[in-house]
Every structure is written in structure tokens, then in C-alpha cells.
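To start, the structure itself, in C-alpha cells.
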Amino acid sequence: MHSVIPRLVELQRVDHQVAALRAELDTFPKRIQEADAQLASAKAAVASAKDAQAHDITERKKIEFDVQQWKDRAKKYRDQSGAVKTNEAYKALQHEIANAEAEMAAAEDRQLASMVAGEDAERRVRKAEADLRESETAVNAERKRIQVLHGEKKKLLDAAMAERAKALEPVPEEFRILYDRIAKRHNGTAVAEAREGQCRGCGMRVLPHIAEELRREDNEEVFRCESCGLILYTLEPIVPPAPSSSDAANPVQPNS
């Protein structure tokens, strides 16, 4: 196996670590946005509950005005009934009084329903405000947790980048270029193990003579998978040659 291969394997290990840390760091802004969205939703719920409560209060005031209006009208008709001169006028006033009292009773029913609705609206406001306080506490805690995690992952990334520079230093320029070119085409992977006659990058067959060359300690040639193009290496042990028939017939005798 070419002497540069172990260095490329180490470089790839560090690069995968760097990529994983960067991917995790990239999730933090979204996680903060999600926490902020949760808080915004809780604030919107409070605003909506208060708007509904304000609307109920306005409607209740209108109903209270209607009740008082019909009450005043009924009183006015009763006051007028004592001064009428004819039965027809008296009956007409009694009819108006009955109508006013009926309208007043209907308005009072609406007033009662409005008061019940107002109590419900007040409960919804209190519930929304309590939910908002919980959300604020949870979001503030999540923000702090994300900031701590971000700082920790950033330190790990800085350390990994320093480790990458150290791993890259002994790699000759031509192999750096080859490694980068292949890695760009394969999502950060440039080197794959050849094991049991297969490229572990794509699963395709590795020719036997290539597998044999990869196992040779004195090999200084770089081999790539014919299917995916990844640089191949192997961790399989060197297989010692089988003894010849003459060796078997004439074993070496130990020194006496």
C-alpha cells in the first residue's frame, strides 16, 4: 500500500469529523428560530385572547345600553298610562309596556350570556398569559443551552481544523489535489477500504491483483475503484505464500 494512503485515511477521518461538527453548528440558528417561533406563537395567543376579551366588553356595554334603554322606555310608558283618557290609549300603552319589558328581558338574557362569555374570555387571557410565561422561561433556557452547545462545538471544530492542518501537512501537493477532487464528488469521501474483494465505498468488486497489490508493504502505486473512483486501501493482513512441494519434502532441520 502506498505510503501516502495512511495519511489520506487520517485526513479523511478528520474531514468527516469537521463535516459533522459543521453540520451540527448549522442546525443551531434553526433551533433558535424554532424557539423564537414558539415564543411568538404564545405572544400571539395572548394578543388574540385580549382582542376577544375587548370585543366581549364592547358587546356587553352595547347590551347594557339596550337593557337600560328598554327599561327607560317601559318606565316612560307606565308613567304615561296614568294620564291617558281612553281605553284605546290605555291598551296601546299597555301593549308598548309589555313589548318594552319583553325586549328588556331578552336584552337581560343577552347580558347574562355576555357576562358568562366575559368570564370565559378572562380565563382564556389568564391561561394565555400563563402559557406565555412558561414559554418565555423555556425559550430563555433553550437559548442558553444552545449558546453553550454552540460554544462547545465551535471549540471542537477549531481543534478539528487544527488537527486537519496537522494531518494535511505531510501529504504531497499532488495527492492533496487528487484527494480534494475526489472528495468533492463524493460528499467528503475520497478513500475507501477494499475488504473481502469489495470496495466498501460502492460495494463493487475489486480485482484480485489490485487487492494483492494493496496488501504489499512495498507497493508505491495508488489504486482507485474502477466503479466509483475512490482511492483504495486495505487493512487485510498479508497472506504468506504457501510452501512449495520441495519445501514440504525437505523441511529445514533445526540446528543441533
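Read-outs: derived from the displayed coordinates by stated rules, not from any lab. In this text the structure is predicted, and so the values were computed from the model without any measurement. A quick note on method: Cβ atoms are made from the backbone with ideal geometry, for glycine too, and the neighbour counts reach across all protein chains shown.
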statement: Sorting Val46, His16, Thr58 by the position of each Cα along the dipole of the range 3-78 (Lys, Arg +1; Asp, Glu -1; all at Cβ), the one nearest the positive end of that ordering is Thr58
message: Against the empirical 2.2 N^0.38 Å scaling, what ratio does the C-alpha Rg of the chain come to?
response: 2.41
- line: For the range 125-248, averaging the sequence separation of alpha carbon pairs under 8 Å that lie six or more residues apart and dividing by its residue count, the contact order in percent is 17 percent
- line: Sorted on mean Cβ neighbours within 10 Å (highest first), peptides 119-129, 23-33 come out as 119-129, 23-33
- line: Rg from C-alpha atoms of the range 21-166, normalised by the globular rule of thumb 2.2 N^0.38 Å, equals 2.19
task: Round to the nearest 10 and give me the degree value, 0 to 90, for the angle of helix 173-185's Cα axis relative to the longest principal axis of the chain.
output: 40 degrees
- request: At 0.36 nm per residue, minus the direct Cα-Cα distance, what do Ala37 and Ala159 gain on full extension? Give it in nm, one decimal, please.
  value: 40.6 nm
- prompt: Lys/Arg Cβ at +1, Asp/Glu Cβ at -1, dipole of the range 117-170 taken about the Cα centre: which of Ala117, His150, Pro170 is farthest positive-ward?
  reply: Pro170
message: Net charge around Ala117, counting only other residues with Cβ within less than 12 Å of its Cβ (Lys, Arg = +1; Asp, Glu = -1)?
response: -1
- prompt: For the chain, what does -39500 (n - 2.57) per DSSP helix run (n ≥ 4), summed and divided by total residues, give at 222 nm, in deg cm²/dmol to the nearest 500?
  reply: -26500 deg cm²/dmol
- prompt: Sorted from largest down, what three extents in whole angstroms do the Cα atoms of the range 52-127 have along their principal axes?
  reply: 61, 13, 13
- prompt: Percent relative contact order of the chain, based on C-alpha pairs within less than 8 angstrom and at least six residues apart?
  reply: 30 percent
query: Based on Cβ point charges of +1 for Lys and Arg and -1 for Asp and Glu, what charge dipole magnitude is obtained for the chain about its Cα centre, in debye rounded to the nearest 20?
result: 980 debye
query: Over the range 173-233, how many percent of alpha carbon pairs lie in each 5 Å bin up to the one with the longest distance?
result: 4, 20, 29, 23, 17, 7, 0
